[in-house]
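Peer 1: Supplied in structure tokens, the structure appears directly below.
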Amino acid sequence: MRVLVKDLKEHVGEEVELLGFLHWRRDLGKVQFLLLRDRSGVVQVVTGGRKLPLPESALRVRGVVVLSPKAPGGLEVRARDLEVLSPALEPTPVEIPKEEWRAHPDTLLEYRYVTLRGEKARAPLKVQAALVRGFRRYLDRHDFTEIFTPKVVRAGAEGGSGLFGVDYFEHRAYLAQSPQLYKQIMVGVFERVYEVAPVWRMEEHNTSRHLNEYLSLDVEMGFIAGEEDLMRLEEELLQEMLEEALASAGNEIRLLGAEWPSFPKDIPRLTLAEARRLLKEELGYPAGQDLSEEAERLLGQYAKERWGTDWLFLTRYPKAVRPFYTYPEPDGTTRSFDLLFRGLEITSGGQRIHRHEELLRSLEEKGMDPEGFQGYLEVFKYGMPPHGGFAIGAERLTQKLLGLPNVRYARAFPRDRHRLTP
């Protein structure tokens, strides 16, 4: 029966069977050392008199587990039998044991199908999977229903910009930039819903923080009193996500040397007007209606110095910079918020308009044609509760948590301005 590398400490002195990949090899003639890698870790194997295949070949090894202080993990397997299940046919374009995601990013991304096998390359994906698991677990426990919405749509949730067009039989359609309109409709069905799914944004940005396809963690909740209900929900949700990641992907977090954040009882809140005033008067940085990347960075730094936290809610954005469905206030602001983590926006959310006539008026004020939103607007004729929600960008959160230099390393096969393969 197969034994995983992580469980070998329980089998010292016993013969075991290992299945994995040839991570590294060293031939000293009579004695040969190799590292075998499986999904749980790496172990040293000692053998002799064999013709070793190329690295990344798939192997079966049978041997005895012994203590070896100089070996990785303090254990090694002395092989009695070694079988090549599938040989590598040529050397890998990047030496996996020496892979380092901080170096040669284009090479690492071009050959992602093999470089992902490296321990550091795959670690962010393991952490992200744990974050998503914590996301689902919290929401399931609090009576949210997971939904699955269309990804080929007639119109964008935020208007006509940033959409990838596709031919859909005789119609023009688009890749969904958000499940926003559908998750609002589903609030009328289940009251509390969420979705974990990719979304697409046709942005020209080619920066370390932008992707054209990313994983969106969407939440929508009915019968709320205001946006504060949503921020409270997100505080509890994020705390559970971080706890799950640390519990089940702690080895990967430590491997990457990530500084794991603490979570405050209450995340500080600043209205956008307060933030702009602070930027201008205390930090010497003028800010417009919306905030630039540098303004967000400065506010994140301020929150760390002032309140000792990596987290900051910015609230009450003006109507001009928010989508048409955002609930407006008489003073021109909206019941909306962004969440900054270490100076980067990872969440956008707020309360939505829930009355039909107000939605129509908002569309007209934005210069948008209600005809393109008919299927969405219809549900508001039949009674909708006060509701709202938010979306977390999974890759951005992973990037900032782990200190990755580029958001592309937080997605297995990233899609950006110039990348359609692998």
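Peer 1: Consider T92 carefully, then state whether it is of a type in the set (S, T, Y) and touching a strand residue (DSSP E or B) at 6+ places or on another chain (Cβ under 8 Å).
Peer 2: Judged against the criteria, T92 is not a match.
Peer 1: Against the conditions (1) polar (S, T, N, Q); (2) open to solvent by 10 Å² or more (accessible area, probe 1.4 Å); (3) under 21 Å from A130 (Cβ atoms), where does Q374 fall short? Just the number, please.
Peer 2: The one condition Q374 does not meet is (3).
Peer 1: Still on this structure, please answer the following. Assess whether R133 counts as being of a type outside the set (V, I, T), in contact with an Asp or Glu (Cβ under 6 Å, 6 or more places away or on another chain) and either closer than 26 Å to S216 by Cβ or outside any loop (DSSP other than H, G, I, E, B) (or both).
Peer 2: It is true that R133 is of a type outside the set (V, I, T), in contact with an Asp or Glu (Cβ under 6 Å, 6 or more places away or on another chain) and either closer than 26 Å to S216 by Cβ or outside any loop (DSSP other than H, G, I, E, B) (or both).
Peer 1: To continue, here is another question. Going by the conditions given, is P414 assigned to a loop (DSSP other than H, G, I, E, B), open to solvent by 30 Å² or more (accessible area, probe 1.4 Å), touching a residue at least 40 places away in the same chain (Cβ under 8 Å) and under 15 Å from S208 (Cα atoms)?
Peer 2: Considered against the rule, which asks whether it is assigned to a loop (DSSP other than H, G, I, E, B), open to solvent by 30 Å² or more (accessible area, probe 1.4 Å), touching a residue at least 40 places away in the same chain (Cβ under 8 Å) and under 15 Å from S208 (Cα atoms), P414 comes out as no.
Peer 1: Determine whether region 355-370 contains at least one residue that is closer than 22 Å to G226 by Cα, within 28 Å of the chain's Cα centre (by Cα) and not aliphatic (A, V, I, L, M).
Peer 2: Scanning region 355-370, I find no residue that is closer than 22 Å to G226 by Cα, within 28 Å of the chain's Cα centre (by Cα) and not aliphatic (A, V, I, L, M), so the answer is no.
Peer 1: Would you please list the contacts, defined by Cβ atoms under 6 Å and residues six or more apart or on different chains, that run from a residue in region 382-397 that is open to solvent by 10 Å² or more (accessible area, probe 1.4 Å) to a residue that is part of a strand (DSSP E or B)?
Peer 2: Listed pairs, sorted by first residue: P385/G222; A391/S216; A391/D218; G393/Y214; G393/I346; R396/I346.
Peer 1: Consider region 72-92. How many of its residues are surrounded by fewer than 18 Cβ atoms within 10 Å (Cβ to Cβ) and either outside any strand (DSSP E or B) or among the hydrophobic types (A, V, I, L, M, F, W, C) (or both)?
Peer 2: 11
Peer 1: Looking at (1) surrounded by 19 or more Cβ atoms within 10 Å (Cβ to Cβ); (2) of a type in the set (S, T, Y); (3) in contact with a strand residue (DSSP E or B) (Cβ under 9 Å, 6 or more places away or on another chain), which one does T149 not meet, given that it meets all the others?
Peer 2: The number of the failed condition is (1).
Peer 1: Just to check your reading of the model, which residue among R50, R60 is part of a strand (DSSP E or B) and either open to solvent by 20 Å² or more (accessible area, probe 1.4 Å) or of a type in the set (S, T, N, Q) (or both)?
Peer 2: One residue alone meets the criteria, R60.
Peer 1: I'd like the residue in region 93-113 that is closer than 15 Å to E56 by Cβ and buried (at least 17 other Cβ atoms within 10 Å of the Cβ) and, out of all such residues, is modelled with the highest pLDDT.
Peer 2: R112
Peer 1: Still on this structure: Residues to consider are G48, G29, G20, G41; find the one that is at pLDDT below 95 and either within 18 Å of A121 (Cα to Cα) or polar (S, T, N, Q) (or both).
Peer 2: G41 is the lone residue from the list that is at pLDDT below 95 and either within 18 Å of A121 (Cα to Cα) or polar (S, T, N, Q) (or both).
Peer 1: Filtering region 5-30 down to residues that are more than 13 Å from V77 (Cα to Cα) and of a type in the set (A, V, I, L, M, F, W, C), which residue is least open to solvent (accessible area, probe 1.4 Å)?
Peer 2: Among residues in region 5-30 that are more than 13 Å from V77 (Cα to Cα) and of a type in the set (A, V, I, L, M, F, W, C), the one least open to solvent (accessible area, probe 1.4 Å) is L22.
Peer 1: Okay, moving on. So, in region 185-197, of the ones that are within 16 Å of L217 (Cα to Cα) and of a type outside the set (A, V, I, L, M), which residue ends up most open to solvent (accessible area, probe 1.4 Å)?
Peer 2: Ranking the candidates gives R192 first.
Peer 1: Counting only residues that are open to solvent by 20 Å² or more (accessible area, probe 1.4 Å), give me the strands (runs of 3 or more DSSP E) lying completely in region 256-369 with at least 2 of them.
Peer 2: Where strands (runs of 3 or more DSSP E) fall fully within region 256-369 and carry at least 2 residues being open to solvent by 20 Å² or more (accessible area, probe 1.4 Å), they are 269-271, 344-352.
Peer 1: I've got another one for you. Can you tell me how many residues in region 198-212 are surrounded by fewer than 17 Cβ atoms within 10 Å (Cβ to Cβ) and farther than 22 Å from F313 by Cβ?
Peer 2: Residues meeting the conditions: 8.
Peer 1: Further question on the same structure: Any idea which of (1) over 29 Å from A245 (Cβ atoms); (2) modelled with pLDDT of 95 or more is the one G160 doesn't satisfy?
Peer 2: (2)
Peer 1: Touching a Phe, Trp or Tyr at 6+ places or on another chain (Cβ under 9 Å), closer than 23 Å to L397 by Cβ and of a type in the set (D, E, K, R): which single residue out of E191, E220, E203 fits that description?
Peer 2: E220
The values are calculated or read from the model by the stated rules, or taken from the named source; none is laboratory data. What you are looking at is a predicted structure, and each value in this text was computed from that prediction instead of being measured. Positions of Cβ are generated from backbone atoms using ideal geometry, with glycine treated the same way; all protein chains shown enter the neighbour counts. The area values use the complete protein model at the heavy-atom level, side chains included, leaving out ligands, DNA and RNA. Shrake-Rupley method; radii C 1.70, N 1.55, O 1.52, S 1.80 Å.
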